[in-house]
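The values are calculated or read from the model by the stated rules, or taken from the named source; none is laboratory data. Small disclaimer: the values here were computed from a predicted structure and weren't measured. Neighbour counts are summed over all protein chains in view; Cβ atoms, including those assigned to glycine, are modelled from backbone coordinates with ideal geometry.
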Amino acid sequence: MEEINPPRTLYVRFGKRILDLAIAVPLAVVLMPLMLIVAILVRGRLGAPVLFRQERIGKADAIFRLAKFRTMTDRRDASGALLPDGDRLTPLGLFLRKTSLDELPQLWNVLRGEMSLIGPRPLLVEYLPRYNARQRCRHKVMPGITGLAQVAGRNLLSWEARFEHDVTYVRDIGLGLDCWILWRTLCGLGDTSATVPTGGKDVSTFMGSPASPGAGDDDAAGPPHHARVLERNRAWG
């Protein structure tokens, strides 16, 4: 199987982080009033906590806690189990997801060096053992707020198509590609045509690609699964 690695250019090694900080720091300052307004609305409509934090997979399979504005209530049935996502997603939460305003707190993840502005979207920890060797190449770079798969179709793409875009990004990462993705992202702001009925959240769970080359290979196997209480992870997502 072809070994896929990011190019060892000055941009990849140093420039990308400089670009992240050059954009994320002033952007965080400019957007602070908007984030404060959203936080107040979430606190008033949905209650505490305002932020939803969930463990995701980062570069080199490192696990970090991704931050988003809360979009769902924690309503439960008579037995105490969480209701389905669709029953807990509020009109405010739907608006935040469609406009991607719920993603704004991820600027903090960028400033902390856990994410980049551009890169493959960080996915759930439980997916790690399900990747084949090719798909797992997406973890050779920093995950991003936006990425090649997002500007190419976002949730309208199949899991396999998204991962192929991620692999392409890892192989071709560079200043020109990052600038193009940023431009396409800015041009697509407000366009909800690529979102799913639940407001941009994946409606399917990635269960693996058994037919893909490399599935089941030793190098595709993840480290021991990090057991999580799924109710806690999904309570306010």
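What the table below lists for this structure:
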read-out: Selection from segment 62-77 of residues that are in a loop (DSSP other than H, G, I, E, B) and small (Gly, Ala, Ser); value: Ala62
read-out: Selection status of Gly80, free of Cβ contacts under 8 Å to residues at least 12 places away in the same chain, over 16 Å from the mean Cα position of the chain (by Cα) and either surrounded by fewer than 21 Cβ atoms within 10 Å (Cβ to Cβ) or part of a helix (DSSP H, G or I) (or both); value: yes
read-out: When residues of segment 160-188 are limited to those that are among the small types (Gly, Ala, Ser) and either more than 15 Å from Gly119 (Cβ to Cβ) or surrounded by fewer than 15 Cβ atoms within 10 Å (Cβ to Cβ) (or both), the one modelled with the highest pLDDT; value: Gly176
read-out: Subset of segment 69-95 [of a type outside the set (D, E, K, R) and touching a Phe, Trp or Tyr at 6+ places or on another chain (Cβ under 6 Å)]; value: Met72
read-out: Single match in Leu19, Leu34 (criterion: surrounded by fewer than 16 Cβ atoms within 10 Å (Cβ to Cβ), of a type in the set (A, V, I, L, M, F, W, C) and within 30 Å of Trp180 (Cβ to Cβ)); value: Leu34
read-out: Any hit, segment 98-107, residues being assigned to a helix (DSSP H, G or I), under 21 Å from Ala22 (Cβ atoms) and touching a Lys or Arg at 6+ places or on another chain (Cβ under 8 Å); value: yes
read-out: Cβ-Cβ under 9 Å pairs, at least 6 apart or on other chains, segment 137-159 side under 13 Å from Leu117 (Cβ atoms), far side among the polar types (S, T, N, Q) and assigned to a loop (DSSP other than H, G, I, E, B); value: Ile145/Ser100; Thr146/Ser100
read-out: Check on Tyr131, at pLDDT below 95 and surrounded by 18 or more Cβ atoms within 10 Å (Cβ to Cβ); value: yes
read-out: Candidate set: segment 62-76, residues that are over 14 Å from the mean Cα position of the chain (by Cα) and either of a type in the set (Asp, Glu) or surrounded by fewer than 19 Cβ atoms within 10 Å (Cβ to Cβ) (or both); chosen: the one modelled with the highest pLDDT; value: Ala62
read-out: Yes/no for Gly199 being within 20 Å of Thr99 (Cβ to Cβ), at pLDDT 95 or above and either within 18 Å of the chain's Cα centre (by Cα) or surrounded by fewer than 16 Cβ atoms within 10 Å (Cβ to Cβ) (or both); value: no
read-out: Segment 25-37 residues that are on the phi < 0 side of the Ramachandran plot, paired with ones that are part of a helix (DSSP H, G or I) (beta carbon under 6 Å, 6 or more apart); value: Ala28/Leu107
read-out: Extreme residue, farthest from the chain's Cα centre (by Cα), among residues of segment 38-61 that are outside any helix (DSSP H, G or I) and in contact (Cβ under 8 Å) with a residue 60 or more places away in the chain; value: Leu46
read-out: Residue selected from segment 92-127 under the condition over 22 Å from Thr205 (Cα atoms) and β-branched (Val, Ile, Thr), by the criterion modelled with the lowest pLDDT; value: Thr99
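Results for (1) within 13 Å of the chain's Cα centre (by Cα); (2) farther than 21 Å from Val110 by Cα; (3) not aliphatic (A, V, I, L, M), shown as yes or no for each residue.
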residue: Glu126; (1), (2), (3): no, yes, yes
residue: Pro129; (1), (2), (3): no, yes, yes
residue: His139; (1), (2), (3): yes, no, yes
residue: Gly144; (1), (2), (3): yes, no, yes
residue: Asn155; (1), (2), (3): yes, yes, yes
residue: Ile173; (1), (2), (3): no, no, no
